[in-house]
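The next block holds one structure in the form of structure tokens; read it before the comments.
Here, each number is a calculation from the coordinates, and none is a lab measurement. Fair warning: this is a prediction, and the values are worked out from it, not measured in the lab. Counting neighbours? That spans all protein chains shown, and the Cβs are built from the backbone with ideal geometry, glycine included.
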Amino acid sequence: MKKRLSITKKLVFNILRAAISAGLMAFLFWLMRGSAGEVFSAIKKIHKWTLLLSFLFCIFGFLLLSMRLKFIMAAQQLHVKFKDVVSLTFTGLFFSNFLPTSVGGDLAKAYYASRATGKKLPSVACVVFDRILGTFTLMLMVMIAYIFVKEASHNRSIITFLVIGGITSVSVSLILFSRRIAKRVPLLSPLLRKFKVEEKMKNLYTVIYNYKKHPALILNAIFMSFALQISMFYAVYLLTKGFNYSIPLKTVFLFMPIISTLSMAPSINGIGVRESAFVLLFGPVMSKEGAFALGILWFGLNFIISLMGGIIYLFDKQYRIKGGVELT
């Protein structure tokens, strides 16, 4: 009976994710119903060299993402070759096309990292910490860019995001690196106990907490995070140039971390959520049609890159290893 309820909950959640993505995309197409031709015409007319250059900046960003994960894994004494970490990164991108939200690929990345190292708990902790650190860096980028974009002070959506994101980031940081504060969070233990994951989460928390002993590594990883985000967001800036829009680079650096964070909301790989965020933020400085075209092209670019992960998954021998280790 419990197993049947669990399957039902998963099915309902999957249907909800698909409905959110489909609903938002349908709304956007309805919003552009009179100018859909302009959207696809803009995509067709984009300068091909600009598209290629954006593609290369994205690839470089994902290589930096792999290097960040390698640093984080080294702190857990998980010494994995760079080419294998690159393989994990691109395979995670591939699986994110089918798993919940834009961070769904982390599940696949953690699973195959644990198989490659033979150590599930440290491997999972590395992927979780990598995601937390990346999200924290996105918030820092928004805060820094906000200082330099004067128009942002009149945008309630950005201000609301900053307030909520800032409070969340500080809260998570305090919980992660202060056992005393973590123990005082109401309902946390009862909630974990209810889902029967309390012991596993405590073990995972202990491993992540120990990153506190590696401040130099955290600083290096944050620096790497900034470098990779700058590379990725500069790719978006190039795309706006390819559409013949003159949008300041600092504006792109303000909008893109917000879009990347919102893409983590329940959906199918952020589809619908991401494009809606593009229209909401870039629409006023481009046009709704241009912003929608930019969002579609950005998704398409990342989807093509993710297919490289599918090819790696098919031919890399590490994904044919059987077995695994329990999270203990």
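Taking the Cα centre of the stretch 147-255 as origin and charging only Cβ (+1 Lys, Arg; -1 Asp, Glu), how large is the dipole, in debye to the nearest 20? Don't skip to the answer; put the middle values down first.
Values: 15 positive and 3 negative charges, 118 e Å.
Dipole of the stretch 147-255, to the nearest 20 debye: 560 debye.
Using the basic label-point model (7 angstrom from Cα toward the beta carbon), what is the Ile311 to Ala182 distance in nanometres?
My value for the distance between the label points is 4.2 nm.
With θ set to phi - 60° and the Karplus curve 6.51 cos²θ - 1.76 cosθ + 1.60, what are the ³J(HN,Hα) couplings of the stretch 111-117 in order, to the nearest whole Hz, using x for Gly and Pro?
These are the phi-based 3J(HN,Hα) values: 5, 6, 5, 5, 6, 5, 8 Hz.
Quickly rank 233-242, 77-86, 279-288, 147-156 as a protection proxy: mean count of other C-beta atoms within 10 Å, highest first.
Values: 233-242: 21.7, 77-86: 14.9, 279-288: 19.2, 147-156: 12.3.
Going by the mean number of other Cβ atoms within 10 Å, highest first, we get 233-242, 279-288, 77-86, 147-156.
Please list, in chain and number order, the residues 5+ apart from Val80 or on another chain whose amide H is under 5 Å from its amide H, with Hs placed from the backbone.
none
Could you state the principal axis extents of the C-alpha atoms in the stretch 168-316, from the largest down, to the nearest angstrom?
53, 39, 34
Grab the Cα-Cα distance for Ser173 and Leu107, subtract it from 0.36 nm times how many residues apart they are, and report the gain in nm with one decimal.
Here the segment from Ser173 to Leu107 would lengthen by 21.6 nm.
With θ set to phi - 60° and the Karplus curve 6.51 cos²θ - 1.76 cosθ + 1.60, what are the ³J(HN,Hα) couplings of the stretch 266-281 in order, to the nearest whole Hz, using x for Gly and Pro?
Each residue's phi maps through the Karplus curve to give x, 4, 9, 6, x, 4, x, 5, 4, 5, 5, 5, 4, 5, 5, 8 Hz.
Can you tell me the length gained on complete extension of the stretch Leu52 to Ser157, counting 0.36 nm per residue apart and subtracting the Cα distance?
Working: separation 105, 0.36 × 105 = 37.80 nm, distance 3.24 nm.
Difference between extended and current length: 34.6 nm.
If you average 1/r over every pair of different alpha-carbon atoms in the stretch 107-240 and take one over that average, what Kirkwood value in Å do you get?
Details: mean 1/r = 0.0583 Å⁻¹.
One decimal place: 17.2 Å for the Kirkwood radius.
Determine the dipole magnitude for the stretch 102-190: charges of +1 sit on the beta-carbon of Lys and Arg, -1 on that of Asp and Glu, nothing else is charged, the reference point is the Cα centre, and the result goes in debye to the nearest 20.
Values: 11 positive and 3 negative charges, 89 e Å.
Value, rounded to 20: 420 debye.
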